[in-house]
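> Before anything else, here's the structure in question.
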Amino acid sequence: MSDDETDAADHQGDAADHETDGPEHGAHPHREEFGEDPVGHARVGAGMTVGELLETYGEAGIGAADVHEAGDVLAEMFGNDDCTVFCSLAGAMVPAGMRGIVSELIRDGYVDALVTTGANLTHDTIEAIGGKHHHGRTHDPEKTAREHDETLREEGVDRIYNVYLPQEHFAEFEGHLREEVFPALDGEGSVSIAELCAELGRANAAVNERESVAEDAGVAAAAYESDVPVYCPAVQDSVLGLQAWMYGQTADFTLDALADMTELTDLAFDADDAGCLLVGGGVPKNFTLQTMLVTPRAYDYAVQITMDPPSTGGLSGATLEEARSWGKLETDARNASVYGDATVLLPLLVAAARERVE
């Protein structure tokens, strides 16, 4: 036998030994993690409802599977009559056109407490009293980005990405506060931010009806009329907060930043079950989650919509699993996170959840 023939025979013998020592030919190794659950394919058709669309998302993977799971958790949370639902709302949700979705959730009994920003309340009020946000553009192809925004400044237009707001609406907002809102609180000394928000909702509803404003009275008005508290823990970070501070310079009126803590904590203490819908991050998200740190309980349900990554360590992108480590979620809580634009995802999730519940 030649040397080449000897080497080939040895190689074949090694291969045979390997097959004998390993799993049978064609068999799979033991798989602790793997469970047979083939990915299907999403289907769409004319006349599908949003709920049906999210159901077919459940057949798919990656982001579609996350959206399906979030819709499922949200529906269970909304359908639980014993669940107290806290909603946090950050980002430019009102200027972007999400105002009606939130106010309807409040009016229809799906939200028991709202935690939001002073900016959202400011823009909500502007529309309640007759102002409007307008479609705009992020840039002018004939100008640099700087020149585009310098032109807007010269013309008295504020830009929120691709939404425009004429600056005169802020003057009207400030007049509304000084004529319709703050006087009712003058002489009260120190008041809670929730009391300011309730008075804002009352005034918005009153002016909206009195002036026959075509636009709905909005989020703060819906909360006031539905006896749903609105908390705004960083109100000073807004035109609303600036105006409150300026008014307080010459009036017997100031805001107590800690006064809301008792009321909010009592709401969490009294809840049989608790759930949270977290839209965006920032102060509203943390204020909503941290409430559970001073109660003997934690959230049973949680759904978050965010665009922030968890790897920075910031609260806005922190996962709900991380919140569980703090004791903000029960160990067996149902939770889901979806990553993307809340102006796209919030309507989808709310529509699907309401469809299932109703």
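> Give the share of C-alpha pairs in each 20 angstrom bin for the chain, from 0 to the last occupied bin, in whole percents, shortest bins first.
Whole-percent P(r) values from 0 Å outward: 25, 48, 16, 7, 3, 0.
> For the stretch 320-325, in order, what is each residue's ³J(HN,Hα) by Karplus, 6.51 cos²θ - 1.76 cosθ + 1.60 with θ = phi - 60°, in whole Hz (x at glycine and Pro)?
Using θ = phi - 60°, the values come out as 6, 5, 5, 4, 5, 5 Hz.
> Antiparallel DSSP bridges in the chain: what percent, to the nearest 5? Walk me through the numbers on the way to the answer.
Numbers: 6 of 35 bridges.
Just about 15 percent of them are antiparallel.
> Ignoring ligands, DNA and RNA, what percent of the 1.4 Å accessible area of the stretch 118-202 is carbon and sulfur?
Values: 1990 of 4330 Å².
Heavy-atom surface of the stretch 118-202 belonging to carbon and sulfur, 1.4 Å probe: 46 percent.
> At a Förster distance of 35 Å, what's the computed FRET efficiency of Glu211 paired with Thr331, Cβ-Cβ distance as r, to 0.05?
On the way: r = 51 Å, r/R0 = 1.47.
After rounding to 0.05, the efficiency reads 0.10.
> Now a separate question. For the stretch 187-328, report the % of Cα-Cα distances exceeding 26 Å. Kindly include the intermediate steps, with their values, before the conclusion.
Working: 3552 of 10011 pairs.
Within the stretch 187-328, distances greater than 26 Å cover 35 percent of Cα pairs.
> Output ³J(HN,Hα) for the stretch 234-242: one whole-Hz value per residue in order, computed from phi by the Karplus curve 6.51 cos²θ - 1.76 cosθ + 1.60 with θ = phi - 60°, and x for Gly and Pro.
Listing the rounded values in order: 10, 4, 5, 8, 5, 5, 4, x, 4 Hz.
> If the chain between Ala171 and Met48 were fully stretched, how many nm would it gain, using 0.36 nm times the residue separation less the Cα-Cα distance? Intermediate results must be reported in sequence, preceding the final value.
Working: separation 123, 0.36 × 123 = 44.28 nm, distance 4.49 nm.
Here the answer is 39.8 nm.
> Using θ = phi - 60° and the Karplus form 6.51 cos²θ - 1.76 cosθ + 1.60, what ³J(HN,Hα) does each residue of the stretch 331-338 get, whole Hz, x for Gly and Pro?
3J(HN,Hα) across the stretch 331-338, in whole Hz: 4, 9, 4, 8, 9, 8, 10, 10.
> Using a 1.4 Å probe over the heavy atoms of the protein chains, calculate the carbon and sulfur portion of the accessible area of the stretch 219-358 as a whole percent. Write out the running numbers ahead of the final one.
Values: 3350 of 6260 Å².
Heavy-atom surface of the stretch 219-358 belonging to carbon and sulfur, 1.4 Å probe: 54 percent.
> Sticking with this structure for a sec: 7 Å from Cα along Cα→Cβ at both Asn162 and Ala184: what's the point-to-point distance in nm?
3.8 nm
> Also, quick follow-up: Extending each Cα 7 Å along its Cβ direction at Glu225 and Ala65, get the distance between those two points in nm, one decimal.
Inter-label distance under the simple model: 4.3 nm.
> Send over the Kirkwood Rh of the stretch 168-236, from the inverse of the averaged 1/r over different Cα pairs, rounded to one decimal Å.
12.6 Å
> Estimate the FRET efficiency between Arg137 and Leu293 by the formula 1/(1 + (r/R0)^6), using the beta-carbon distance for r and 51 Å for R0, to the nearest 0.05.
For R0 = 51 Å, the calculated efficiency reads 0.70.
> Assuming R0 = 56 Å, can you tell me the calculated FRET efficiency for the pair Glu104 and His30, based on Cβ-Cβ distance, to the nearest 0.05? Write down the numbers at each step before the final one.
Values: r = 52 Å, r/R0 = 0.93.
Here the calculated transfer efficiency is 0.60.
> Continuing with this model, one more query. So who's got an amide H within less than 5 Å of the one on Leu329, skipping anything under 5 residues away but keeping other chains? H placed 1.01 Å off N, in plane.
It is Tyr299, Arg324, by chain and number.
> Calculate the spin-label point distance for Asp82 paired with Ala145, positioning each point 7 Å from the Cα along the beta-carbon direction, and give it in nanometres.
It works out to 5.2 nm between the two label points.
> In terms of modelled amide H atoms, which long-range or inter-chain residues lie less than 5 Å from the amide H of Ala274?
The list, which skips near neighbours in sequence, is Thr84, Asp300, Tyr301.
> Continuing with the same structure: Whole angstrom only: what separates the Cα centroid of the stretch 245-311 from the Cα centroid of the stretch 153-212?
Their Cα centres are 22 Å away from one another.
> Using the per-residue mean of other Cβ atoms lying within 10 Å as a proxy for protection, in what order, highest first, do the peptides 298-305, 166-173, 286-293 fall? Intermediate values should be presented prior to the final figure.
Working: 298-305: 25.6, 166-173: 15.2, 286-293: 20.8.
The packing order, highest mean first, is 298-305, 286-293, 166-173.
> Given a 1.4 Å probe, how much area per residue of the chain is accessible, in Å²?
Details: 18620 Å² over 358 residues.
Solvent-accessible surface per residue comes out at 52 Å².
The values are calculated or read from the model by the stated rules, or taken from the named source; none is laboratory data. Note that the structure is a prediction, hence the values are computed from the model and not measured. Glycine also receives a Cβ, built like all others from the backbone with ideal geometry; neighbour counts cover every protein chain displayed. Side chains are part of the model used for accessible areas, which takes the heavy atoms of the whole protein and leaves out ligands, DNA and RNA. Shrake-Rupley method; radii C 1.70, N 1.55, O 1.52, S 1.80 Å.
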